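Asks: Sending over a structure as structure tokens; questions will come in a sec.
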């Protein structure tokens, strides 16, 4: 079983189809760097913009690339997609709000028109209604049918596909058992906790044996303890699922622990893909870098010299000339009250832009010749008298600076 | 004693009290004038039994018609996205604001011998008799908009993602309507049906214009009250009081369950 979708889908929010799923509210600590935050803010307008948008932005012939970029306040955009998911594969779909993740899921589910082709398991799905496709859909809210018991919720898909009541219930019961909910079969959704409801919602989506499972931020509304519990359940349950899974998430941990491959979407286009390991080591978009907490600097390599904002960066890595990324782990950055002496390294005087504490660790946003985030001990913040606006000497060993070409990688 | 300023002690009380008086005094007047001793005789004079029985039958049939026809219409209106849907919604609302007498005239022009539907029917040898069927037609004409608007409101408020989930689970639009939409808006359907029933029970103008006021045939309770007023005011008072009691009883019965 495999999925291949290619083509375009045009998205124009109207007050009626805007989904109000609360966006990821945890992990604000990731947004230590201040400049990229604008991206999220601009794109957030998309989901909440008013109605003064044409119902369908111009489409027709293949759009020029600029049409694909996010049109901030106006709210509509065109999704350009060429994506393949293998059998049993769990693909994470990541990207800022309004980048087209949900639209892509809805397009695959058949809830949104696609101008292109969608092939699943060798079958052409493009012209099929949602009912004729074989997808399971789980959203941030469980959206269990409140008037049906957990068991009847799970049996709903089988009953809709014409299975007998007894057989459907039997299958639904097994499906509930697979998510550890068999003892809650008779309960109404209002009697379930949010975590239990999330389990039932997954069981309901999987009960008819869909070829494609679409998960749209399934953990986003759960509290942290429940979230890690459900994350584990999800990982276990997906391990035995033979179909294609696409998981939309804002949560790094979801992406790294539940999925096999990461796919980054921005402005309706896929900007990067890679395995969790690749993305953690060498992210190739600012969004991905921020997600895994790595400093990512756009660089130009000329005659073997690595230039960031025309400042040369010392590195032990060797690559050919051209556009490149410089990756620096925040913990590899050292802060000094005065210029230190010693082995060859990068030395800058930067300005403290902001500080966030998390237990014994502090993330210090620095700005100047380069914009980076340093990770130091909380004690160092006091020792160095760090505060916004204060100058500080910053060093990074040449061996700690990774440089890789902009093309390829993750 | 509460330190917080209470709305009950503000000048707002004066217009509120006037509003209550406007609503309650006439009802009280009705009951005060009621002559308990002659009540059975007065009701007989007014032809109360016949009229109430006719009202009961016709309003129940009307309510059933509203539910059977109005619920699918409400669902289509709640889920339609085209401009035609707004136009249709406006059209459905027209009888709501139309003077009932005008509605009665319109019904005559529809179902009469030369009417849009009555004409072709007449050439088939079918004439709409002056009986309870005409009453139901008149009552449905005025009640259906109330029902459709109430239920459409409830259905439009229903999260569309339920539809999406049901569709991905293989449910056809008809099955989604039957197994998701209707069960989830049952309270809305109940209050819409009550509204429609109450409107049908009070129907006067369209009924007298379209169906006439023939005792036992088309003379519903309100028509009987009106006619009794010409003959014997006590009879009118008696029947009117009975209607008041019936309405209050029905409201009280439903209130606990569905209405707020």
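Asks: Any residue in the stretch A:160-174 that is within 12 Å of chain B (Cβ to nearest Cβ), within 15 Å of residue B:164 (Cβ to Cβ) and crowded, with 24+ Cβ neighbours inside 10 Å?
Replies: Looking for residues that are within 12 Å of chain B (Cβ to nearest Cβ), within 15 Å of residue B:164 (Cβ to Cβ) and crowded, with 24+ Cβ neighbours inside 10 Å, one finds none in the stretch A:160-174, hence no.
Asks: Then there's this: Applying the selection to the stretch B:111-137, what residues are surrounded by 13 or more Cβ atoms within 10 Å (Cβ to Cβ) and closer than 27 Å to residue B:53 by Cα?
Replies: If the condition is that a residue be surrounded by 13 or more Cβ atoms within 10 Å (Cβ to Cβ) and closer than 27 Å to residue B:53 by Cα, then B:111, B:112, B:128, B:130, B:131, B:132, B:133, B:134, B:135, B:136, B:137 are the ones that fit.
Asks: Another question, if that's okay. Given the criterion facing chain B (nearest Cβ under 9 Å) and either over 25 Å from the mean Cα position of the chain (by Cα) or at negative phi (or both), identify the matching residue among A:196, A:187, A:132.
Replies: Details: A:196 fails: facing chain B (nearest Cβ under 9 Å); A:187 fails: facing chain B (nearest Cβ under 9 Å).
Among A:196, A:187, A:132, only A:132 is facing chain B (nearest Cβ under 9 Å) and either over 25 Å from the mean Cα position of the chain (by Cα) or at negative phi (or both).
Asks: Continuing with the same structure: Under the condition of being in a strand (DSSP E or B) and closer than 15 Å to residue A:4 by Cβ, which residue from the stretch A:112-133 is modelled with the lowest pLDDT?
Replies: Step one: list which residues in the stretch A:112-133 are in a strand (DSSP E or B), which gives A:115-120, A:123-124.
Narrowing the set further to residues that are closer than 15 Å to residue A:4 by Cβ leaves A:116-120, A:123-124.
Values: A:116: 82, A:117: 85, A:118: 88, A:119: 87, A:120: 88, A:123: 86, A:124: 88.
Result: A:116.
Asks: For the stretch B:160-190, give me each residue that is over 20 Å from residue A:138 (Cβ atoms) and more than 7 Å from chain A (Cβ to nearest Cβ). Write out each step before concluding.
Replies: Step one: list which residues in the stretch B:160-190 are over 20 Å from residue A:138 (Cβ atoms), which gives B:172-175, B:177-178, B:181-183, B:185-190.
Across the stretch B:160-190, the qualifying residues are B:173, B:174, B:177, B:178, B:181, B:182, B:185, B:186, B:187, B:188, B:189, B:190.
Asks: Next up: Residue A:136 passes all but one of (1) assigned to a loop (DSSP other than H, G, I, E, B); (2) touching a strand residue (DSSP E or B) at 6+ places or on another chain (Cβ under 7 Å); which number fails?
Replies: Among (1) assigned to a loop (DSSP other than H, G, I, E, B); (2) touching a strand residue (DSSP E or B) at 6+ places or on another chain (Cβ under 7 Å), residue A:136 violates only (1).
Asks: Name the residue that is surrounded by the most Cβ atoms within 10 Å (Cβ to Cβ), counting only residues in the stretch A:79-101 that are touching a helix residue (DSSP H, G or I) at 6+ places or on another chain (Cβ under 9 Å) and assigned to a strand (DSSP E or B).
Replies: Ranking the candidates gives A:94 first.
Asks: Using the structure shown, decide if residue A:291 is exposed (fewer than 13 other Cβ atoms within 10 Å of the Cβ) and either at pLDDT 85 or above or within 30 Å of residue A:222 (Cβ to Cβ) (or both).
Replies: So residue A:291 fails the test.
Asks: Something else now. Go through the stretch A:271-282 residue by residue and tally those that are farther than 14 Å from residue A:90 by Cα and in contact with a strand residue (DSSP E or B) (Cβ under 6 Å, 6 or more places away or on another chain).
Replies: The first filter runs over the stretch A:271-282 and keeps only residues farther than 14 Å from residue A:90 by Cα, leaving A:271-272, A:277-282.
With in contact with a strand residue (DSSP E or B) (Cβ under 6 Å, 6 or more places away or on another chain) added as a condition, the list becomes A:271-272, A:279, A:282.
Total meeting the criteria: 4.
Asks: Pull up the stretch A:199-239, narrow it to residues that are part of a helix (DSSP H, G or I) and within 14 Å of chain B (Cβ to nearest Cβ), then point me to the one that is surrounded by the most Cβ atoms within 10 Å (Cβ to Cβ). Spell out how you get there, then give the answer.
Replies: So in the stretch A:199-239, the residues part of a helix (DSSP H, G or I) come out as A:199-206, A:224-239.
From the residues that got through so far, the ones that are within 14 Å of chain B (Cβ to nearest Cβ) too are A:200-206.
Working: A:200: 27, A:201: 28, A:202: 26, A:203: 27, A:204: 31, A:205: 24, A:206: 21.
Per the stated criteria, the residue is A:204.
Asks: Also, I was wondering about something else. With the stretch B:43-126 as the region, which helices (runs of 4 or more DSSP H) entirely inside it contain at least 2 residues that are modelled with pLDDT of 90 or more?
Replies: Numbers: elements: B:48-79, B:83-97, B:100-111, B:118-123.
Passing ranges, in order: B:48-79, B:83-97, B:100-111.
Asks: Between A:137, A:114, A:118, A:105, which is touching a residue at least 40 places away in the same chain (Cβ under 8 Å), surrounded by 22 or more Cβ atoms within 10 Å (Cβ to Cβ), under 24 Å from residue A:198 (Cα atoms) and touching a helix residue (DSSP H, G or I) at 6+ places or on another chain (Cβ under 7 Å)? Spell out the reasoning first.
Replies: Values: A:114 fails: under 24 Å from residue A:198 (Cα atoms); A:118 fails: under 24 Å from residue A:198 (Cα atoms); A:105 fails: touching a helix residue (DSSP H, G or I) at 6+ places or on another chain (Cβ under 7 Å).
Every option except A:137 fails the conditions.
Asks: Please enumerate the residues belonging to the stretch A:82-104 that are within 13 Å of the chain's Cα centre (by Cα) and within 14 Å of chain B (Cβ to nearest Cβ).
Replies: Scanning the stretch A:82-104 gives a single hit, A:102.
Asks: Find the helices (runs of 4 or more DSSP H) located wholly in the stretch B:137-223 whose residues include 1 or more that are closer than 25 Å to residue B:248 by Cα and in contact (Cβ under 8 Å) with a residue 60 or more places away in the chain, and list them. Quick ask: steps written out before the conclusion?
Replies: Values: elements: B:160-168, B:173-176, B:186-202, B:205-210.
Filter on the stretch B:137-223 gives B:186-202, B:205-210.
Asks: For the stretch A:272-297, name all the residues that are part of a strand (DSSP E or B) and free of Cβ contacts under 8 Å to residues at least 60 places away in the same chain.
Replies: Kept after step one, since they are part of a strand (DSSP E or B), are these residues of the stretch A:272-297: A:272-274, A:295-297.
The answer is A:296, and nothing else.
Asks: Separate question: Given A:335, A:357, A:384, which one is surrounded by fewer than 17 Cβ atoms within 10 Å (Cβ to Cβ) and either free of Cβ contacts under 8 Å to residues at least 12 places away in the same chain or more than 30 Å from residue A:407 (Cα to Cα) (or both)?
Replies: Details: A:335 fails: surrounded by fewer than 17 Cβ atoms within 10 Å (Cβ to Cβ); A:384 fails: surrounded by fewer than 17 Cβ atoms within 10 Å (Cβ to Cβ).
Step by step, each of A:335, A:357, A:384 is checked, and only A:357 is surrounded by fewer than 17 Cβ atoms within 10 Å (Cβ to Cβ) and either free of Cβ contacts under 8 Å to residues at least 12 places away in the same chain or more than 30 Å from residue A:407 (Cα to Cα) (or both).
Asks: Considering only the stretch A:315-324, state which residues are in contact with a helix residue (DSSP H, G or I) (Cβ under 8 Å, 6 or more places away or on another chain) and crowded, with 16+ Cβ neighbours inside 10 Å. Can you show your working first?
Replies: First, the residues of the stretch A:315-324 that are in contact with a helix residue (DSSP H, G or I) (Cβ under 8 Å, 6 or more places away or on another chain): A:315-316.
Selection gives A:315 alone.
Asks: Being out of contact with any helix residue (DSSP H, G or I) (no Cβ under 7 Å at 6 or more places or on another chain), under 25 Å from residue B:208 (Cβ atoms) and surrounded by 12 or more Cβ atoms within 10 Å (Cβ to Cβ), is that true of even one residue in the stretch B:32-47?
Replies: Narrowing the stretch B:32-47 to residues out of contact with any helix residue (DSSP H, G or I) (no Cβ under 7 Å at 6 or more places or on another chain): B:32, B:36-37, B:40-41, B:44.
Next cut, under 25 Å from residue B:208 (Cβ atoms) only: B:44.
Among the residues that remain, those that are also surrounded by 12 or more Cβ atoms within 10 Å (Cβ to Cβ) are: B:44.
Yes, that holds for at least one residue.
The values are calculated or read from the model by the stated rules, or taken from the named source; none is laboratory data. Owing to the predicted nature of the structure, the values given are computational and were not obtained by experimental measurement. As a convention, Cβ positions derive from the backbone with ideal geometry for all residues, glycine included, and neighbour counts pool all protein chains shown.
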